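**Q** Below: one structure in structure tokens.
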Amino acid sequence: MKMTADFLVIGSGIAGLSYALKVAEQGSVALVTKREIDITATSLAQGGIAAVSSETDSLKSHAEDTMVAGAYLSHPDIVDMVVSAGPQAIKNLIDWGTRFSKREDTPDEYDLTREGGHSHRRILHAKDATGKEIERALVEEVRNHSNITVYEQHIAVDLITEAKIQKRKLDKNRCLGAYILDTARNEIVTFGAKVTVLATGGAGKVYLYTCNPDIATGDGVAIAWRAGAKVANMEFMQFHPTTLYHPHAKSFLISEAVRGEGAILRRRDGYAFMPDYHHQRDLAPRDIVARAIDNEMKTQGDDCVFLDITHKSADYIRDRFPTIYQTCLDYGIDMTSQGIPVVPAAHYLCGGIQVNEWGETCLEQLFAIGEVASTGLHGANRLASNSLLEGIVFADRAATRSQHYLAHPTDPYPQIEPWDSSGATKSNEGVVVSHNWDEIRRTMWNYVGIVRSDKRLRWALSRIHLIQEEIDDHYWNYQITSDLVELRNIATVAELIIKSAQLRHESRGLHYTLDHPKRDDRRFRHDTVIPGAELKLKP
Ligand code: SIN
């Protein structure tokens with residue numbers, strides 16, 4: 001089957017939805033999403049969205065906090081552009097129907113919370129379920145827009161490029177759409193588009209423990225890189241310091257806003273350890289807090305630390321953090337009277353597909369926005385609550401730039417061949433998927449986690465390469481399933497993370513290695529860029 005649209009948007013978090021709403025006035029939009037529309041990382045974002053909105057705050061201060069958190073690898077021009085666009089982005093969200101929490105004492109004003117690395121209260125939130133509220137508002141708008149068609153249960157398999165169609169390397173390659181697996185009908189659909197936008201989110205599932213949703217398998221990064229796009233800064237995987245430690249909680253996030261409102265990290269013996277690590281104590285940048293927890297757990301031999309907010313009134317806790325309170329209670333933990341057991345888990349990919357200030361990749365007609373992109377904003381460590389902001393700001397810029405392609409003089413839909421599944425049979429080796437899925441994620445957690453070393457990276461890469469051989473064999477010979485697509489993608493992303501980490505012989509932000517424990521501004525104050533893969537055709 002073949003479908004065409006002016007804009008093909010892959011992903012339905014804040015970036016994909018807001019982009020779709022912006023361009024739908026100009027042309028038809030096909031919005032493709034892997035599960036249901038609201039199964040996204042955006043929906044799980046608790047803390048909020050950072051933007052300057054108080055008299056006592058300033059754009060300069062927001063920019064400085066972003067640079068410091070990013071260990072001076074963020075691009076100053078991009079940082080200035082994004083923080084300056086913050087107030088307008090918030091206005092857009094409110095116009096689309098997002099209801100942020102207001103102050104109780106002055107109900108005309110929005111309540112501003114704080115998180116690690118911020119020198120001011122500047123985070124708008126909807127209690128402790130900000131992303132859910134944003135997603136609700138945007139989904140409602142998208143569903144009501146006659147120019148947007150939503151395709152749920154559709155997973156992108158690969159991009160369609162001019163080089164692939166012509167079966168040869170091209171100096172100037174362009175993207176013409178994507179092959180998408182309709183998982184309900186088990187059929188690969190050819191989607192042709194004048195503009196393709198990857199807004200597929202992050203890659204937490206590359207690691208054994210993650211607070212990301214199950215969909216976070218790095219699909220966008222993997223398919224873009226395979227199509228020849230450059231990726232950057234993949235070594236900077238952010239580990240959130242505080243996720244619930246409970247065998248059945250699937251690393252449920254305990255928002256940094258809990259520390260923003262005064263919670264203290266303690267060891268099992270009650271000792272508050274963060275003052276030993278940083279002058280901002282429990283509100284130090286996230287990389288520092290995660291490493292401190294890792295160190296305390298390892299030196300004490302404990303399997304978690306505790307987040308204590310019991311000094312606040314029970315009424316306040318229940319009102320300010322209703323989702324976290326109820327979820328903890330469901331697991332038998334009453335945060336109004338006891339510390340919450342927490343551990344770090346993979347949370348946010350700071351690198352991704354390299355894009356310019358308009359969200360354009362190095363492939364013509366291909367954009368990347370949101371967590372999947374490396375825009376230059378986050379540097380070596382993302383400042384808390386800057387991600388929703390980045391998503392909506394770059395969606396807006398990409399939408400503006402995309403207009404150009406509507407009037408593209410060349411044939412937007414050249415003869416695209418349908419997906420070739422000749423010779424593929426149904427696999428009876430499901431174990432290939434389950435075993436390798438587990439092995440990749442365990443390898444990455446143990447060898448490419450919060451603390452790395454040259455040797456661990458080498459070991460990890462050789463394992464990933466072996467696994468990739470098996471996956472490739474399976475991929476080319478058997479019918480494609482969504483599990484296989486995701487497995488292939490996490491393997492690719494794992495490889496890119498390791499290779500990027502191997503190129504950075506220093507410790508900076510989220511990349512900490514025992515063999516190069518110091519920061520080296522002279523040699524490494526630049527992005528780690530990996531060129532796109534060579535063109536590979538079906539063997
Ligand atoms: C949190 O609520 O702690 C997550 C916010 C973020 O990652 O920006």
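The values are calculated or read from the model by the stated rules, or taken from the named source; none is laboratory data. Only a predicted model underlies this, so the values are computations on that prediction, with no experimental measurement involved. In this analysis, Cβ positions are derived from the backbone assuming ideal geometry, glycine residues included, and neighbour counts consider all displayed protein chains. In case anyone asks, the SASA skips ligands and DNA or RNA and just uses the protein heavy atoms, side chains included. Shrake-Rupley method; radii C 1.70, N 1.55, O 1.52, S 1.80 Å.
**Q** Counting just the residues of the range 177-209 that are modelled with pLDDT under 95 and among the charged types (D, E, K, R), which one comes out surrounded by the most Cβ atoms within 10 Å (Cβ to Cβ)?
**A** K194
**Q** Which one of these does E115 not meet: (1) outside any helix (DSSP H, G or I); (2) open to solvent by 40 Å² or more (accessible area, probe 1.4 Å); (3) within 16 Å of the ligand (Cβ to nearest atom)?
**A** Of (1) outside any helix (DSSP H, G or I); (2) open to solvent by 40 Å² or more (accessible area, probe 1.4 Å); (3) within 16 Å of the ligand (Cβ to nearest atom), only one is false for E115: (2).
**Q** Shifting gears a bit: For the range 355-378, which positions are under 14 Å from the mean Cα position of the chain (by Cα) and either within 15 Å of the ligand (Cβ to nearest atom) or outside any loop (DSSP other than H, G, I, E, B) (or both)?
**A** Within the range 355-378, A368, G370, E371, V372, A373, S374, L377, H378 meet the criteria.
**Q** Related question: Going by the conditions given, is F321 at pLDDT 95 or above, more than 15 Å from the ligand (Cβ to nearest atom), open to solvent by less than 50 Å² (accessible area, probe 1.4 Å) and among the hydrophobic types (A, V, I, L, M, F, W, C)?
**A** Judged against the criteria, F321 is not a match.
**Q** On the basis of being in contact (Cβ under 8 Å) with a residue 60 or more places away in the chain, over 24 Å from E360 (Cα atoms) and not in a helix (DSSP H, G or I), does I188 make the cut?
**A** Working: in contact (Cβ under 8 Å) with a residue 60 or more places away in the chain: yes; over 24 Å from E360 (Cα atoms): yes; not in a helix (DSSP H, G or I): yes.
Taking the combined requirement at face value, the residue satisfies it.
**Q** Hey, another quick one. Determine, yes or no, whether T492 is hydroxyl-bearing (S, T, Y), under 15 Å from R441 (Cβ atoms) and either in contact (Cβ under 8 Å) with a residue 12 or more places away in the chain or buried (at least 17 other Cβ atoms within 10 Å of the Cβ) (or both). Walk me through it before giving the result.
**A** Details: hydroxyl-bearing (S, T, Y): yes; under 15 Å from R441 (Cβ atoms): yes; either in contact (Cβ under 8 Å) with a residue 12 or more places away in the chain or buried (at least 17 other Cβ atoms within 10 Å of the Cβ) (or both): yes.
Spelling it out, T492 is indeed hydroxyl-bearing (S, T, Y), under 15 Å from R441 (Cβ atoms) and either in contact (Cβ under 8 Å) with a residue 12 or more places away in the chain or buried (at least 17 other Cβ atoms within 10 Å of the Cβ) (or both).
**Q** How many residues does the range 32-58 hold that are buried (at least 17 other Cβ atoms within 10 Å of the Cβ), more than 19 Å from the chain's Cα centre (by Cα) and either part of a helix (DSSP H, G or I) or among the acidic types (D, E) (or both)?
**A** 1
Matching residues to (1) assigned to a loop (DSSP other than H, G, I, E, B); (2) among the acidic types (D, E); (3) surrounded by 20 or more Cβ atoms within 10 Å (Cβ to Cβ):
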residue: S402; (1), (2), (3): no, no, yes
residue: Q415; (1), (2), (3): yes, no, no
residue: D420; (1), (2), (3): yes, yes, no
residue: S427; (1), (2), (3): yes, no, no
residue: H435; (1), (2), (3): no, no, no
residue: R441; (1), (2), (3): no, no, yes
residue: W445; (1), (2), (3): no, no, no
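**Q** Taking the range 347-365, which residues are open to solvent by 30 Å² or more (accessible area, probe 1.4 Å), of a type outside the set (D, E, K, R) and touching a residue at least 60 places away in the same chain (Cβ under 8 Å)?
**A** Scanning the range 347-365 gives H347, Q354, C362.
**Q** Report, ordered by the first and then the second residue, all pairs with beta carbons closer than 8 Å, sequence separation of six or more or different chains, a first member in the range 240-264 that is of a type in the set (G, A, S), and a second member that is in a strand (DSSP E or B) and away from the ligand (no atom under 11 Å from the Cβ).
**A** Matching pairs, first to second residue: S251/T210; S251/L244; S251/V343; S251/A345; A263/L307; A263/D308.
**Q** Starting from residues that are among the aliphatic types (A, V, I, L, M), under 15 Å from K205 (Cα atoms) and open to solvent by less than 10 Å² (accessible area, probe 1.4 Å), keep the ones in the range 218-275 and report whichever is nearest to the ligand (Cβ to nearest atom).
**A** Per the criteria, the residue is M237.
Residues are listed down the side, and each one gets a yes or a no for (1) exposed (fewer than 14 other Cβ atoms within 10 Å of the Cβ); (2) modelled with pLDDT of 95 or more; (3) within 22 Å of the chain's Cα centre (by Cα); (4) in a loop (DSSP other than H, G, I, E, B):
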| site | (1), (2), (3), (4) |
| --- | --- |
| E390 | no, yes, yes, no |
| G423 | yes, no, no, yes |
| I450 | no, yes, yes, yes |
| R456 | no, yes, no, no |
| W459 | no, yes, no, no |
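**Q** When you scan the range 159-175, how many residues do you find that are surrounded by fewer than 21 Cβ atoms within 10 Å (Cβ to Cβ) and under 19 Å from A368 (Cα atoms)?
**A** 3
**Q** Looking only at residues that are part of a loop (DSSP other than H, G, I, E, B) and within 16 Å of the ligand (Cβ to nearest atom) in the range 276-315, which one is surrounded by the fewest Cβ atoms within 10 Å (Cβ to Cβ)? Before the answer, list the steps.
**A** Of all residues in the range 276-315, those part of a loop (DSSP other than H, G, I, E, B) come to 277-280, 284-285, 301-304, 309-313.
Right, trim to within 16 Å of the ligand (Cβ to nearest atom) and you get 280, 284-285, 309.
On the way: Q280: 17, A284: 22, P285: 24, I309: 21.
Among them, the one singled out is Q280.
**Q** Looking only at the range 84-112, which residues are of a type in the set (S, T, N, Q) and either assigned to a helix (DSSP H, G or I) or in contact (Cβ under 8 Å) with a residue 60 or more places away in the chain (or both)? Walk me through it before giving the result.
**A** Within the range 84-112, the subset of a type in the set (S, T, N, Q) is 84, 88, 92, 98, 101, 106.
Passing the criteria: S84, Q88, N92.
**Q** Quick one: in the range 504-523, of everything that is over 11 Å from V451 (Cβ atoms) and in contact with a Lys or Arg (Cβ under 6 Å, 6 or more places away or on another chain), which residue is surrounded by the fewest Cβ atoms within 10 Å (Cβ to Cβ)?
**A** R519
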